[in-house]
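The values are calculated or read from the model by the stated rules, or taken from the named source; none is laboratory data. What you see is a predicted model; the values in this text were computed from it and never measured. Cβ atoms come from the backbone with ideal geometry, glycine included; neighbour counts cover every protein chain shown.
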Amino acid sequence: MNRQHGLSMIEMIITMVVISIALVASLSSFSLIGGRSADAMIQTKSLDLAQLYLDEILAQRFDEATGNGGIPAYTGACRITDDGESRSDYDDVDDYDAISNEQPALIDSSLSTLYSGYTVSVSVSCDNTVGANTGGSKRIQITINDPTGDSSVFASFRGNY
């Protein structure tokens, strides 16, 4: 006599419980990974903005009294001056110290929608801890606030040369 073998009701219930536990664990890990995939894009945009501002600022003169191209170099101690210039007239590093919670200044206005929700603040200060400048260097600190409320801080130094 041939007996047919099959799954009992208890074996079916145990199989369903094991499969459902595995699905819950895998779906929760996928949702965690999917939620963090946007973080890389936000951080990349923050880095791009910081690089844009640093390129612009570091291309300027060290001080108002520095000549074009750095010659003659400013001979006094490091100072931060407020020239009262408008954004389009910034011509030395410390002019950027006035930027606070500015919407990103982009050359291509079509990119402004990609950076909506971002704000930029710049702080310029004298720092004697780095470099060979006897009068001190200028420390440029850029703070990028992204749409999620996180802040990214980037810093660079500008020497008197």
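Show the residue pairs meeting these rules: Cβ distance below 9 Å; 6+ apart or different chains; first residue within region 67-86 and touching a residue at least 12 places away in the same chain (Cβ under 8 Å); second residue loosely packed, with under 13 Cβ neighbours inside 10 Å and not in a loop (DSSP other than H, G, I, E, B).
Filtered contacts from region 67-86: Asp83/Asp89.
Pairs under 6 Å by beta carbon, first residue under 20 Å from Ser46 (Cβ atoms) and free of Cβ contacts under 8 Å to residues at least 12 places away in the same chain in region 150-161, partner surrounded by 15 or more Cβ atoms within 10 Å (Cβ to Cβ) and of a type in the set (Ser, Thr, Tyr), six or more apart or different chains?
That search, which allows pairs on different chains as well, returns Ser151/Thr143.
Scan region 89-116 for residues that are at pLDDT 85 or above, among the hydroxyl-bearing types (Ser, Thr, Tyr) and assigned to a helix (DSSP H, G or I) and jot them down.
Selection gives Tyr96 alone.
Out of all the residues in region 108-124, which are closer than 17 Å to Glu56 by Cα and surrounded by 11 or more Cβ atoms within 10 Å (Cβ to Cβ)?
Hits for region 108-124 are Thr119, Val120, Ser121, Val122, Ser123, Val124.
Right, Val130: surrounded by fewer than 16 Cβ atoms within 10 Å (Cβ to Cβ) and closer than 18 Å to Ala155 by Cα or not?
Numbers: surrounded by fewer than 16 Cβ atoms within 10 Å (Cβ to Cβ): yes; closer than 18 Å to Ala155 by Cα: yes.
The answer is yes for Val130.
Could you check, for region 65-75, whether at least one of its residues is outside any helix (DSSP H, G or I) and modelled with pLDDT of 85 or more?
yes
Restricting region 87-100 to residues that are acidic (Asp, Glu) and without any contact (Cβ under 8 Å) to a residue 40 or more places away in the chain, which is surrounded by the fewest Cβ atoms within 10 Å (Cβ to Cβ)?
Among those that are acidic (Asp, Glu) and without any contact (Cβ under 8 Å) to a residue 40 or more places away in the chain, it is Asp89.
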